[in-house]
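What follows draws every value from the coordinates through simple rules; no lab data is involved. Note that the structure is predicted; figures quoted are calculated from it, not measured. No Cβ is skipped: glycine too gets one built from the backbone with ideal geometry, and neighbour counts run over all protein chains shown.
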């Protein structure tokens, strides 16, 4: 899709299976919001085709099955929170008794019941997001599309939104999530795609993308100066990781009256390499505190993929 | 139900803006003034005596006066029918423009606000087609403005009927004709709104439409003026522009004439002017809907 000489999306081929929670990642201007707008018929593609819930994009009746929370959503300032939900419920085709039941339940669920009669222009950012979530799931959608749902929300609010999304996932809804908060995406999503400059750089399950590499990290402690470094020199691919091990105590601590340094070392390779390093460390009288396979966080993957993309 | 949702929301938004409420308040004050302060005594269709706020009314030296010996001079045989029509004409000349002006101010922001980022995304994600969404917004504004005009015409018509026994249905029709005029202007307001997304510019462009429609009527009505232009091409182009504007803009003057004629029961409605204006409004609305339906948001 191109507008005014700017290609917003190019060669994008993506399938989101039903019932999955899908995260779309990418830096600002990557084309994430444009993709969402195309799926919802808010913008039109200049080329290519796409479908939502088995129907071509732009199909108006299909939108009855879709819930959407846009980034920086803006509700009519003259409406109260309750009126906002009724308004969008009516637009979604919900009839009165059912609509009222859902509005009441959702206002309680997102802890906005006490604010139901207050006009939305008096709401804080977090309250607007909670109301936005209620609006998005009001019609119990089969597909829930969320653009930065936790933007500007405090940690407690983020947790509430996450719980709400997990409920929707348990209900069987497909969730399409645009977010900069990679930790949120990592916790919630089954699959992710990384987009940059309108092109798809990587797509896969969160488990695959962050799968353990052929690398191991060992937390060690030694009272002998240079013992850890000496052990690492004996094993190819081994080295001391800069910085202190997470969750470790003070780097320098007193053990049996001697000065003990706690370090984290890493070795690249298979189990044989790991055992060789352990043997070398033990030969130097270094204590082994913990051994963990090295796993990339989604943030690591995201940064690496973007760098690879830029280099290519 | 979806169209109803947009209509309800548009009504709420207009009431929230207060502009419409100000007009409603002014009309209410006028109606209350007529209901509480006007006293008439009608005998055989003629106003035998009349008082306003306790002051006797009279006509002397060709002028309508209050509290100046009305008992002696009387109302010179003023018929109740004429009295009702004069009052209604007065109301039409003062309150119709106010109604149109207030309605334009109130409704000019409807489309630009709807198109704001974060608001339009949500609306377009709902199961309602773009033409229906836009047309409902337009219809909502029109209904509110029409309700206000009918509140004036029906209210004042009923009060005067109770006071004098004369019911003038033409006054109600004149209100509906002005609603049609507003519908034409509103179409240009929403067209400007969807093209430029600015409330201020929408109001300004509507004012330009209003005044241009009044101005081009003069050269259109005067067949000789093109002779003042010596160059044939310049004359042709100028006449073309004037005639195009005359036929494509709502004909403000003709609507006023139509309203007056309806109130006074003099002459028939100029259907050509009314239909031509309705067509220009429909054209503007159609353009706005097409543009709205095809644009990326």
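Over chain B, dividing the summed -39,500 (n - 2.57) contributions of all DSSP H runs of at least 4 residues by the number of residues returns a 222 nm mean residue ellipticity of -24500 deg cm²/dmol. The angle between the Cα long axis of helix A:155-171 and the main principal axis of chain A comes to about 70°, on a 0 to 90 degree scale. The value obtained for region B:26-162, namely the Cα convex hull volume divided by the number of residues, is 132 Å³ per residue. Partner shielding of B:112-125 amounts to 6, given as the average count of beta-carbon atoms from other chains within 10 Å of each residue beta-carbon. Identify which of A:48, A:58, A:26 has the largest mean-square fluctuation in a Gaussian network model of chain A, with springs joining Cα atoms closer than 10 Å. Result for chain A, Cα springs under 10 Å: A:48 fluctuates most. Dividing the mean sequence gap of close Cα pairs (under 8 Å, 6+ apart) by how many residues region B:1-102 holds gives a relative contact order of 19 percent. Pairs of Cα atoms under 8 Å, at least six residues apart: use those to get the relative contact order of chain B, whole percent. Relative contact order here is 20 percent. To the nearest ten degrees, helix B:271-294 and the longest principal axis of the Cα atoms of chain B are 30 degrees apart.
In 10 Å bins starting at zero, report the fraction of Cα pairs in chain B per bin as a rounded %. Reading upward from the zero bin: 6, 23, 26, 21, 14, 7, 2, 0. Once the Cα atoms are used to define both axes, helix B:19-37 deviates from the longest principal axis of chain B by about 10 degrees. Per residue of A:134-141, other chain Cβ atoms within 10 Å of the residue Cβ number 1 on average.
Counted over the protein assembly as shown, the DSSP beta bridges are approximately 75% antiparallel. Computed over chain A, the P(r) curve from all C-alpha pair distances, binned at 20 Å from the origin, holds 27, 42, 24, 6 percent per bin.
Based on alpha-carbon centroids, what's the gap between region A:6-32 and region B:185-260 in Å, whole number please? That distance is 49 Å. Counting neighbouring beta carbons within 10 Å and listing from fewest to most, the residues A:9, B:115 come out as B:115, A:9.
Peptide B:10-19 shows a mean partner chain C-beta count of 2 within 10 Å per residue C-beta.
Give the separation of the Cα centroids, region A:34-90 to region B:1-33, in Å. Answer, in whole Å: 29. Separation of region A:145-221 from region A:280-312 is 20 Å, based on Cα centroids.
Across B:99, B:80, B:119, mean-square fluctuation computed from a Gaussian network of chain B (C-alpha pairs under 10 Å connected) peaks at B:119.
Counting only DSSP H runs of at least 4 residues, each contributing -39500 (n - 2.57), and dividing by the residue count of chain A, the helix-based mean residue ellipticity at 222 nm comes to -10500 deg cm²/dmol. As a rough footprinting exposure proxy, the listed residues A:307, A:86, B:220 were ranked by other beta carbons within 10 Å of their own, and the order from fewest upward is A:307, B:220, A:86. Distance between the modelled labels on residue A:50 and residue A:282, one decimal in nanometres: 5.6 nm (7 Å Cα→Cβ projection).
Judged by the mean number of other Cβ atoms found within 10 Å, the most tightly packed of the peptides A:293-305, B:234-246, A:68-80 leads the ranking A:68-80, A:293-305, B:234-246. As a proxy for reagent exposure, ranking B:271, A:115 by other Cβ atoms within 10 Å from fewest up yields B:271, A:115. All C-alpha to C-alpha distances of the protein assembly as shown, sorted into 20 Å bins beginning at zero, yield P(r) values of 16, 32, 26, 15, 7, 3, 0 percent in whole numbers.
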